Amino acid sequence: MTDQKFTPRVFSGIKPSGGLTLGNYLGAIKRFVAYQDTDFETIYCVVDLHAITVWQDPAHLADATREVAAGFLAAGIDPERSVLFNQAQVSEHAELGWIFNCVARMGWMNRMTQWKEKSGKNAEAQSLGLFAYPSLMAADILLYHATHVPVGEDQKQHVELTRDIAQKFNHDFGIDFFPETQPVIEGPAMRVMNLRDGTKKMSKSGESDMERINMTDDADAIARKFRKARTDAEPLPETAAGLTGRPEAKNLVEIYAGLADITPEAVLAQYPGAGWGVFKPALADLAVERLAPVSAEMARLMGDRAEIDRILGRGAERAREIAAPILKQTYDIVGLLRG
């Protein structure tokens with residue numbers, strides 16, 4: 001193999017199913033925005049092909065895709081500084097995904113935690129796409145020779161699989177072509193939990209709307225949900241160690257830290273021994289200050305769907321400028337004829 005230097009490049013994406021939550025914002029989008037001020041090239045994608053691994057209402061999918069794009073834009077993604085597009089407009093994703101289906105091993109897919117969780121006891125009734133989607137995720141990343149992927153802890157396994165696929169491809173063809181992408185897991189609130197049960201992840205599909213903060217919630221809804229969030233009977237501790245075994249307390253402190261761009265320790269230093277009657281209103285006020293402008297801008301953007309479509313279309317053109325040469329080289333390496 002020959003050594004190849006790869007351009008420092010970040011890739012990540014969000015699936016358009018169920019709407020964006022505070023978990024998407026703190027665990028992903030807010031970090032995506034920050035990468036625009038680094039030396040990395042930044043590529044962000046609405047991964048709509050991943051959404052259809054389970055059935056989606058066609059009438060709603062396109063607007064769900066636009067809503068995620070609106071969330072990116074409202075939070076501060078600049079389509080001139082970053083490449084922003086939806087996956088279905090760049091066919092190279094699906095093409096490289098097929099090649100990686102032929103590189104990845106069945107045993108690797110069977111070990112994926114999310115497959116086990118999502119398939120449940122009726123795995124044979126699930127779609128092949130749901131089983132194989134981690135190889136498409138690897139294609140999403142490696143199609144751009146992305147060197148880093150900001151992810152939550154629950155997605156780390158997928159980036160590790162991406163590394164496995166890159167390594168096997170490079171080994172099989174005796175070439176140093178795909179980078180060994182690094183997962184980037186950092187900062188507070190990387191895994192935002194349910195506001196009614198701190199042992200469960202905040203989810204778009206939770207039974208009660210009070211469990212989550214939707215990025216489309218207005219100021220009143222944001223404040224109400226935080227004021228009614230479940231807590232325990234004890235006041236805040238003075239150190240982070242005192243949050244052990246207190247999932248709801250830990251979740252709210254980490255959300256505050258994520259919104260304020262400080263550490264959980266700094267939050268506790270501001271509110272040592274505070275009761276929930278003091279802390280939850282303060283958290284609600286901070287959340288409204290940071291999130292309400294984003295939800296308002298999302299609403300404005302969704303009022304001009306043609307403009308969102310234009311931005312995504314231009315982003316797809318820019319994405320293809322990077323992706324097409326890499327896919328062509330991949331075909332050449334594999335020995336596939338392509339005019």
Fill in the blank from the handout: Footprinting proxy, SER205, SER82: sorted fewest to most Cβ within 10 Å, the residues are SER205, SER82
Practice task
Starting at the first residue of the range 39-56, write each ³J(HN,Hα) from the Karplus equation 6.51 cos²θ - 1.76 cosθ + 1.60 with θ = phi - 60°, in whole Hz, x for Gly and Pro.
Solution key: 7, 7, 6, 10, 10, 10, 9, 8, 8, 6, 5, 5, 4, 8, 5, 10, 4, 10
Handout entry: aspartates and glutamates whose Cα lies under 19 Å from that of LYS250, excluding same-chain neighbours fewer than 8 positions away
Key = GLU153, ASP154, GLU186, ASP197, GLU211, ASP232, GLU234, GLU238, ASP261, GLU265, ASP285
Completion exercise
Cα-based Debye curve of the chain sampled at q = 0.07 Å⁻¹ gives log₁₀ I(q)/I(0) of -0.31
Exercise for the section: Please give the per residue volume of the convex hull enclosing the alpha carbon atoms of the range 209-300, rounded to a whole number of Å³. Expected result: 82
Fill in the blank from the handout: Counting only residues 5 or more apart in sequence or on a different chain, those whose built amide H sits under 5 Å from that of VAL184 are VAL149, VAL151
Completion exercise
The ratio Rg/Rh over the Cα atoms of the range 20-151, Rh being the Kirkwood inverse mean 1/r radius, stands at 0.97
Fill in the blank from the handout: Sorted by chain and number, the residues with a modelled amide H under 5 Å from that of LYS201, at a separation of 5 or more or across chains, are ASN194
Exercise for the section: Return an integer: the convex hull volume of the alpha-carbon atoms of the range 1-97, in Å³ per residue. Expected result: 128
Exercise for the section: Just tell me the longest site-free run in the chain, where the sites are chymotrypsin sites (Phe, Trp or Tyr not before Pro) in a DSSP loop having at most 15 other beta-carbon atoms within 10 Å. Expected result: 56-339
Completion exercise
Checked the range 1-55 with the C-alpha gyration tensor, a ≥ b ≥ c its square-rooted eigenvalues, rounded below a/c of 1.5, otherwise prolate if a/b is larger than b/c and oblate if not; verdict oblate
Handout entry: Flagged links, alpha-carbon separation over 21 Å, of LYS5/LYS168; LYS156/LYS328; LYS15/LYS201
Key = LYS156/LYS328
Fill in the blank from the handout: Gyration tensor (Cα only) of the range 45-90 to equivalent ellipsoid, semi-axes in Å sorted down, yields 21, 12, 7
Fill in the blank from the handout: Within the set MET298, MET112, MET190, GNM on the chain using Cα springs under 10 Å gives the largest fluctuation to MET112
Handout entry: Fewest-first ranking of MET210, MET106, using other Cβ atoms within 10 Å as the exposure measure
Key = MET106, MET210
Handout entry: Whole-angstrom gap from the range 24-76 to the range 133-194, using each part's C-alpha centre
Key = 17
Completion exercise
When VAL90, VAL294 are ranked with the fewest other C-beta atoms within 10 Å first, the list becomes VAL294, VAL90
Practice task
Could you tell me what percent of the DSSP beta bridges with both partners in the chain are antiparallel, to the nearest 5?
Solution key: 10
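FYI, it's all coordinate maths here, none of it is from the lab. Predicted model only: the values in this text are computed from it and were never measured. FYI the Cβ positions are ideal-geometry reconstructions off the backbone, even for glycines, and counts take in every protein chain you see.
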